[in-house]
Amino acid sequence: MIRRRGRSRAAADPAPPADGGGPATGTATAPTPGSGVAPGAGDDGAPPHFGEGPADILLQRLELTVRRRLDGLLQGDHLGLVPGSGSEAGDSRTYHPGDDVRRMDWPVTARTQVPHVRETIADRELETWAVVDLSASLDFGTGLCDKRDLAIAGLAAVSHLTVRGGNRLGAVVTTGERVDRYPAQAGRLAADRLLRAVVATPRATSGRRGDLAAALETLRRPPRRRGLVVVVSDFLGDTDWERPLRGLGARHELLGIEVVDPRELELPDVGLLTVVDPESGQTLEVPTGDAEFRARFAAGAAEQRRAVAAGLRRAGAGHLQLRTDRDWLMDVVRFVADRRRAGSGGASR
């Protein structure tokens, strides 16, 4: 028996309006334990299906898969890897004989009438913040997995490749109903706790639209230490996320991980299809048997994807697209290899 999942409770994807605009949402069939896709196997390029087994075991399988295929790609790459004590300003403390006089904090010294020096933070340690969108539009998938599973897998890859050598990882998770913030902490155990907390995040109910822009704003104020910001989302809906993302780009390296399902790019010929947008509650009947309609849908979807790519490019962010019908780890490998050849970019620094 095939279980039905999706961005909606009834059908496949975002349907374009009569003027040929961008896609709406819907549902379609997704692989289940009885459909030949083993949960957590990963041999077919799919991430584990979280929710169909113990989270700890599935995360361990995912970690082994990531390390086996990706470990070493970013070994030794840290933001601002330079010798010395670092250039990031830290706290002030009283002067002690032998301190470098070039680090004298003259404003504090003048106010207190006691010599102070400014401590610095080593640039060798990378602080990574992940903004993870788990709104209702992510609870959909017609390929090897749901988009939600793929989003968590992308976060896990970032975690396993950046948390080493004292690097810290924090996250802001938004569902449209709640925003959970996990402070940046160093160490593998802290990263594992963060991943388990993200997996346990309740699914958003239908009729609630996610607010990616608000989640990004939480990283802008107060300003965070200079580092890497990774945004994991399908970037559907309004493009109000672009402005706060550009603000973050003035201080941080940026990486946008776009999660896409093939049914969001083109519709199959299955006759009259009823679709429901889970983030607005709108219901539409889509005539997928009409070739002209399917062509307009594909054109609108392609234009929407181009707009997302252009928005990320204007913000100065790297752009990694993960699809539910492809081997996501190979997409990560190709992305990192391309950024290395280019000599710059968010994930490879």
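Scanning the range 272-282 for residues that are under 22 Å from THR175 (Cβ atoms) and surrounded by fewer than 21 Cβ atoms within 10 Å (Cβ to Cβ) yields a count of 3. Residue count for the range 193-238 under the criterion of being within 14 Å of ILE152 (Cβ to Cβ), surrounded by fewer than 18 Cβ atoms within 10 Å (Cβ to Cβ) and β-branched (Val, Ile, Thr): the result is 1.
Within this structure, ALA301 fails the test of being surrounded by fewer than 20 Cβ atoms within 10 Å (Cβ to Cβ) and either touching a Gly at 6+ places or on another chain (Cβ under 6 Å) or in the same structural domain as THR128 (by TED's automatic domain parsing) (or both). Out of everything in the range 116-139 that is assigned to a loop (DSSP other than H, G, I, E, B) and modelled with pLDDT of 85 or more, what residue ends up being farthest from VAL173 (Cα to Cα)? My answer is ASP139.
Could you say whether any residue in the range 173-182 is of a type in the set (Asp, Glu) and either in contact (Cβ under 8 Å) with a residue 60 or more places away in the chain or within 25 Å of MET330 (Cβ to Cβ) (or both)? No, the range 173-182 contains no residue that is of a type in the set (Asp, Glu) and either in contact (Cβ under 8 Å) with a residue 60 or more places away in the chain or within 25 Å of MET330 (Cβ to Cβ) (or both).
Given the residues GLY143, GLY154, which is the only one that is at pLDDT 85 or above and either outside any strand (DSSP E or B) or among the acidic types (Asp, Glu) (or both)?
Numbers: GLY143 fails: at pLDDT 85 or above.
Answer to the check: GLY154.
Within the span defined as the range 106-115, every residue fails to be surrounded by fewer than 24 Cβ atoms within 10 Å (Cβ to Cβ), of a type in the set (Val, Ile, Thr) and at pLDDT below 90.
Residues that are surrounded by 10 or more Cβ atoms within 10 Å (Cβ to Cβ) and modelled with pLDDT of 80 or more within the range 77-98 comprise SER92, ARG93, THR94, TYR95, listed in sequence order. The criterion of at least 1 residues that are touching a Leu at 6+ places or on another chain (Cβ under 7 Å) and under 22 Å from ARG326 (Cβ atoms) is met, among strands (runs of 3 or more DSSP E) falling completely within the range 237-310, by 253-260.
The single condition among (1) of a type in the set (Ser, Thr, Tyr); (2) outside any loop (DSSP other than H, G, I, E, B); (3) farther than 17 Å from VAL230 by Cβ that SER159 does not satisfy is (3). Here ARG164 clears all of (1) more than 19 Å from the chain's Cα centre (by Cα); (2) closer than 27 Å to HIS252 by Cα; (3) surrounded by fewer than 17 Cβ atoms within 10 Å (Cβ to Cβ) except the condition numbered (3).
The values are calculated or read from the model by the stated rules, or taken from the named source; none is laboratory data. Quick caveat: nothing in here was measured; it's all calculated off a predicted structure. Ideal geometry is used to build each Cβ from the backbone, glycine not excepted, and the neighbour counts take in all protein chains shown.
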